[in-house]
Each structure stands twice: as C-alpha cells, then as structure tokens.
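The values are calculated or read from the model by the stated rules, or taken from the named source; none is laboratory data. Small disclaimer: the values here were computed from a predicted structure and weren't measured. Counting neighbours? That spans all protein chains shown, and the Cβs are built from the backbone with ideal geometry, glycine included.
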Amino acid sequence: DAALPAGFGERWVNTMFAAFLDHTETLADLDRRAGDGDFGANIAAALRRARTDIATELPTSYTAWLTAVSRGFLGTGGTSGPLFGMFFRELARCTSDPEPSPADFSRGLSAGLATVQRYGNAEVGHKTMVDALAPAAETLAARVDAAGDPGEALDATADAAVKGAAGTASLVAKRGRASYVGEVARGVVDPGAAAAALILQAAAAAYAN
Ligand code: ADP
Ligand code: MG
Ligand code: MG
C-alpha cells in the first residue's frame with residue numbers, strides 16, 4: 001500500500017522532540033510524585049544525544065531518523081532509556097523504504113510494544129508505558145486492516161494512547177519505581193505512558209502537516 005508522505009519520519013521526530021521539550025517539566029513532575037524524579041532529565045539527555053547524532057549523520061530516510069532517536073534513548077539511563085531505545089529500534093526496522101506504509105508502521109508499533117513487554121515484563125494495567133502503547137498498537141492494527149484513511153488511523157491511534165495514559169492515574173503500579181510507593185502513586189499519571197502518548201500524538205500531527 002501507499003507510503004506515508006515524504007518526510008514523515010523527519011517531521012515525526014522533530015514534532016516529537018518539540019513536544020518533549022514542551023513537556024519535560026510535566027513529565028519530570030510526574031516521576032517526582034510517582035517515581036524517583038529523573039524522567040525529565042532522562043528524556044532531555046536522550047534528546048541531546050539524538051540531536052548530536054542527527055547533526056552528524058544527516059538522516060535522509062525514515063529508518064535513519066528513527067535510528068538516531070533509538071540510539072539517543074539507548075545511551076540514556078533509567079528504565080525508560082533502554083525501553084524506548086528498543087521501541088524506536090523496532091520502529092526504525094519496520095521498513096526499508098524511504099517512508100513506511102501504514103501497514104509497516106503498524107507492524108513497527110506492534111513490534112516495539114512486544115520488545116518493551118519482553119524486556120520489561122509489564123502487562124496492561126501495571127501502570128507503565130505499556131498502558132499507552134498497547135491500545136495504540138491495537139487501534140492502528142485494526143484501522144490498517146480496515147484500510148481507512150491513514151490520517152484518521154493515526155488520529156485514532158494517538159487518541160487511544162492518550163486515553164490509555166490518562167487511565168494510568170487510577171492504577172497502582174506493578175512495575176518500575178512507582179511500584180515501590182504503592183498507593184502514593186494512585187492519582188498520578190505514569191510518566192512513561194504520558195511520554196508514549198506524546199510520541200503517538202506527534203505521529204498524527206506529523207502526518208497532518
Ligand atoms: P527509572 O524508574 O529507572 O527512574 P525512568 O524514570 O526513566 O526510569 O522511567 C520511568 C518509566 O519507565 C515509568 O513511568 C514506566 O512507564 C516505565 N517503566 C518502568 N518499568 C517498566 C517496565 N518493567 N516495563 C515497562 N515500562 C516500565
Ligand atoms: Mg525515574
Ligand atoms: Mg531512575
């Protein structure tokens with residue numbers, strides 16, 4: 001099927017980075033309330049590393065753009081660094097074309113979710129990034145099967161991630177540092193899930209622009 005528009009990977013990465021920069025403090029605050037407070041710093045460090053990589057590698061394909069993001073996260077500490085690093089590595093691998101088709105993108109998202117779950121051993125409801133990524137991957141797969149408009153599919157995917165992230169507020173964590181604080185973290189959105197929602201909102205926005 002037809003590829004996502006030319007420059008999609010570049011626009012996605014730039015839109016995502018802008019969103020992370022806008023929300024670094026919010027994400028840091030969530031991790032202060034439900035974790036150890038380093039999530040904002042971890043995201044900022046991954047961004048810095050990815051930007052340096054991009055400035056030297058000058059990526060021209062979707063795979064090259066997403067690989068730079070993956071490397072940025074893989075070089076970062078915290079639990080989220082390696083997990084997002086592996087997540088983006090699967091997305092980078094989802095196509096060998098300059099831009100992925102919606103089906104490639106859907107496969108990449110599902111493979112990214114699978115690798116996060118393999119390494120993190122988290123299920124939906126454990127109050128992690130999986131709570132945003134799983135409904136997003138499921139929604140996109142269903143939309144791709146239905147062969148609808150790619151923009152609408154990405155909007156629905158982002159909405160599913162946002163809803164999943166918001167739902168983590170009412171949960172008590174079963175994985176990650178938030179699980180150490182138990183009830184204290186109830187009422188707080190999981191920062192990794194919030195970041196995953198930003199990532200998928202950025203994909204929808206990158207398609208629309
Ligand atoms: P750390 O807890 O090591 O300080 P970060 O602050 O970088 O890690 O990232 C915290 C986020 O990582 C959480 O909000 C959660 O979404 C995610 N996370 C933590 N543990 C897991 C896990 N086992 N599986 C999936 N995601 C996890
Ligand atoms: Mg932390
Ligand atoms: Mg930490």
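Being in contact with an Asp or Glu (Cβ under 6 Å, 6 or more places away or on another chain) and among the aromatic types (Phe, Trp, Tyr), is that true of even one residue in region 76-94?
Keep residues of region 76-94 that are in contact with an Asp or Glu (Cβ under 6 Å, 6 or more places away or on another chain), which gives 78, 94.
Checking which are among the aromatic types (Phe, Trp, Tyr) leaves us with none.
Looking for residues that are in contact with an Asp or Glu (Cβ under 6 Å, 6 or more places away or on another chain) and among the aromatic types (Phe, Trp, Tyr), one finds none in region 76-94, hence no.
Among the residues of region 126-149, count how many are over 11 Å from Asp190 (Cβ atoms) and assigned to a loop (DSSP other than H, G, I, E, B).
Residues flagged as over 11 Å from Asp190 (Cβ atoms) and assigned to a loop (DSSP other than H, G, I, E, B) within region 126-149 amount to 4.
Can you name every residue in region 33-73 that is within 16 Å of ligand 3 (Cβ to nearest atom) and either within 30 Å of Ala6 (Cβ to Cβ) or surrounded by fewer than 22 Cβ atoms within 10 Å (Cβ to Cβ) (or both)? Walk me through it before giving the result.
Restricting attention to region 33-73, the residues satisfying the condition of being within 16 Å of ligand 3 (Cβ to nearest atom) are 33-46, 73.
Matches in region 33-73: Arg33, Asp36, Gly37, Asp38, Gly40, Ala41, Ile43, Ala44, Ala45, Ala46, Phe73.
Among the numbered criteria (1) modelled with pLDDT under 95; (2) within 16 Å of ligand 3 (Cβ to nearest atom), which single criterion is violated by Pro98?
(2)
Please enumerate the residues belonging to region 147-161 that are within 18 Å of Ala194 (Cα to Cα), of a type in the set (Gly, Ala, Ser) and either buried (at least 21 other Cβ atoms within 10 Å of the Cβ) or touching a residue at least 60 places away in the same chain (Cβ under 8 Å) (or both). It would help to see each step written out before you state the result.
Going residue by residue through region 147-161, those that are within 18 Å of Ala194 (Cα to Cα) are 154-161.
With of a type in the set (Gly, Ala, Ser) added as a condition, the list becomes 156, 158, 160-161.
Once the filter is applied, which keeps residues that are within 18 Å of Ala194 (Cα to Cα), of a type in the set (Gly, Ala, Ser) and either buried (at least 21 other Cβ atoms within 10 Å of the Cβ) or touching a residue at least 60 places away in the same chain (Cβ under 8 Å) (or both), region 147-161 yields Ala158, Ala160, Ala161.
Scan region 175-207 residue by residue and report those that are near ligand 1 (Cβ under 9 Å from one of its atoms) and either in a helix (DSSP H, G or I) or farther than 14 Å from Arg33 by Cα (or both).
Within region 175-207, Arg175, Ala178, Ser179, Pro191, Gly192, Ala193, Ala194, Ala195, Ala196 qualify.
With respect to the numbered conditions (1) surrounded by fewer than 23 Cβ atoms within 10 Å (Cβ to Cβ); (2) at pLDDT 95 or above; (3) not hydroxyl-bearing (Ser, Thr, Tyr), which one is the sole condition not fulfilled by Leu133?
Every listed condition holds for Leu133 apart from (1).
Hey, among Thr63, Thr15, which residue is more than 14 Å from the chain's Cα centre (by Cα) and assigned to a helix (DSSP H, G or I)? I'd like the intermediate steps shown before the answer.
Numbers: Thr15 fails: more than 14 Å from the chain's Cα centre (by Cα).
The conditions single out Thr63.
Given the structure, is Val144 away from ligand 3 (no atom under 16 Å from the Cβ) and under 20 Å from Ala195 (Cβ atoms)?
Details: away from ligand 3 (no atom under 16 Å from the Cβ): yes; under 20 Å from Ala195 (Cβ atoms): no.
For Val144, the condition - away from ligand 3 (no atom under 16 Å from the Cβ) and under 20 Å from Ala195 (Cβ atoms) - is not met.
Does Ala114 meet the test of being part of a helix (DSSP H, G or I), touching a Pro at 6+ places or on another chain (Cβ under 8 Å) and away from ligand 2 (no atom under 16 Å from the Cβ)? Spell out how you get there, then give the answer.
Values: part of a helix (DSSP H, G or I): yes; touching a Pro at 6+ places or on another chain (Cβ under 8 Å): no; away from ligand 2 (no atom under 16 Å from the Cβ): yes.
For Ala114, the condition - part of a helix (DSSP H, G or I), touching a Pro at 6+ places or on another chain (Cβ under 8 Å) and away from ligand 2 (no atom under 16 Å from the Cβ) - is not met.
Quickly run through region 58-95 and pick out the residues that are at pLDDT below 95 and not polar (S, T, N, Q).
Result: Gly75, Gly77, Gly78.
Scan Ala196, Ala206 and give me the residue that is surrounded by fewer than 23 Cβ atoms within 10 Å (Cβ to Cβ) and at pLDDT 95 or above.
Values: Ala196 fails: surrounded by fewer than 23 Cβ atoms within 10 Å (Cβ to Cβ).
Matching residue, one of Ala196, Ala206: Ala206.
Given the options Thr26, Thr52, name the one that is at pLDDT 95 or above and under 23 Å from Arg175 (Cβ atoms). So that I can check it myself, show each step before the final result.
On the way: Thr52 fails: under 23 Å from Arg175 (Cβ atoms).
Of the residues listed, the single one that is at pLDDT 95 or above and under 23 Å from Arg175 (Cβ atoms) is Thr26.
Any idea which of Asp36, Asp53 is assigned to a loop (DSSP other than H, G, I, E, B) and either within 16 Å of ligand 2 (Cβ to nearest atom) or not aliphatic (A, V, I, L, M) (or both)?
Answer to the selection: Asp36.
List pairs: first residue in region 63-90 and of a type in the set (Val, Ile, Thr), second residue at pLDDT below 95 and within 12 Å of ligand 3 (Cβ to nearest atom) anywhere in the structure, Cβ distance under 8 angstrom, at least six positions apart or on different chains.
Thr79/Gly176; Thr79/Arg177
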